[in-house]
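These notes concern the structure reproduced below.
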Amino acid sequence: MIYRKTNLTDVAEINLLWQNVFGDTEEFVCNFIAHFGIDNCYVCEMSEKIVAMAFALPTTLFHCSIFNLKYMYACATHPNYRKQGIMKKLLDTIYEEACKEEVAGIFLHAADENLSNYYRKLGFQDFFYQNCTTFNRTSAGSVSYKEREKGAKNTITFLTPEEYYHKRLQKLEKYCFINWNEDFFKFLHQTGTQFCAYENDIFAFRPEDKRLIVEEWLSVNLDAQIANSLFEYFTDFKSIEICTIGNESCFGQIKWCKFVDKNLLNGYFAFALE
């Protein structure tokens, strides 16, 4: 088995493995690779065949100081090669290289609790938290388009990815948070995420069938009135899930490099590229 970084000749195999494991379209995978590059990907190769992969996207954790981190994404092993310790070795390889580069650590978002437990066994600890609340449309129903024009539309304005990035920095300056760069938000926008301002708040959302997923709402207070305003504006959705800064549920896990002074209790990040 060979564990190594990828190059342009690997793109076709990575594309096929990604589609096989995650079910994403070829268009999405090609768009991702075009945006983030192939040089951030590590693979395991057996008999000249790529059987596992993981992207390590560079980013930063802002607090009193700045920590360079790598976000582990699209960690995938071909179904025929699972339960052989391949992903563990691949993540160990990435972790060791990150520490040699004086990166503070690697972090990830686990899709479910079983995966969270798996990553805990590999040395990852719960660190990033958020609160998520689901609101269902009330019996009041949706309002007419004309009412929407006069109502919530006056308080909701759409933002460009660049505008959202800069407003977000201001909102989060007092927190320990993952600072995605402007290109990251441009990619989110290309894949369907929209950015908005509501009065003094900002938020980002994506539609999912009849649900509106607000991946991030940066606000002093979140209440039902905000949800009602969203229902008035977005009339096609039966429920709205809103995620905010909080400590109710773990959203991400981190594995610090040994040289880091681990005096941080928890942090915040959103947008797992799901």
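Bear in mind that the values in this text are calculations on the coordinates, not laboratory data. Just so it is clear, the model here is predicted, and its values are computed rather than measured. Neighbour counts are summed over all protein chains in view; Cβ atoms, including those assigned to glycine, are modelled from backbone coordinates with ideal geometry.
Its DSSP H runs of at least 4 residues, each contributing -39,500 (n - 2.57), put the calculated 222 nm mean residue ellipticity of the chain at -9000 deg cm²/dmol, to the nearest 500. Among D92, D112, D10, what is the fewest-to-most ranking by other Cβ atoms within 10 Å? In order of increasing Cβ crowding within 10 Å: D112, D92, D10. Does a label point 7 Å from the Cα of N68, set along Cα-to-beta-carbon, have any residues of the stretch 175-205 with amide nitrogen under 19 Å, and which are they? What the label zone holds, given the 19 Å backbone N cut-off, is 177-184.
Packing, as the average of other Cβ atoms within 10 Å across residues, places the peptides 250-258, 208-216 in the order 250-258, 208-216, highest first. Pairs from the table (K88/K121; K5/K89; K167/K238; K5/K70; K186/K255; K121/K255) lying more than 18 angstrom apart at Cα are K167/K238; K186/K255.
Equivalent-ellipsoid semi-axes for the stretch 130-245 (Cα gyration tensor, √(5λ), whole Å, largest first): 24, 15, 14. Modelled label positions at N31 and K167, each set 7 Å beyond Cα in the direction of Cβ, lie 2.3 nm from each other. According to the calculation over all Cα-Cα pairs in the stretch 2-108, the P(r) per 10 Å bin from zero is 14, 47, 30, 8, 1 %.
Judged by a Cβ-Cβ distance under 4.7 Å, the unpaired cysteines of the chain are C30, C41, C44, C64, C75, C176, C196, C250.
In units of the rule-of-thumb radius 2.2 N^0.38 Å, the stretch 180-274 shows an alpha carbon radius of gyration of 1.25. Which percent of the Cα-Cα distances in the chain go past 35 Å? Tail of the P(r) past 35 Å holds 22 percent of the pairs.
Figure legend: label point modelled 7 angstrom from the Cα of D183 along Cα→Cβ; residues of the stretch 13-34 with amide N under 15 Å from it are 31-34. Under 5 Å from the amide H of G105 lie the amide H atoms of K70, C257, each residue being 5 or more positions distant or on a separate chain, with H modelled from the backbone and absent for Pro and chain starts.
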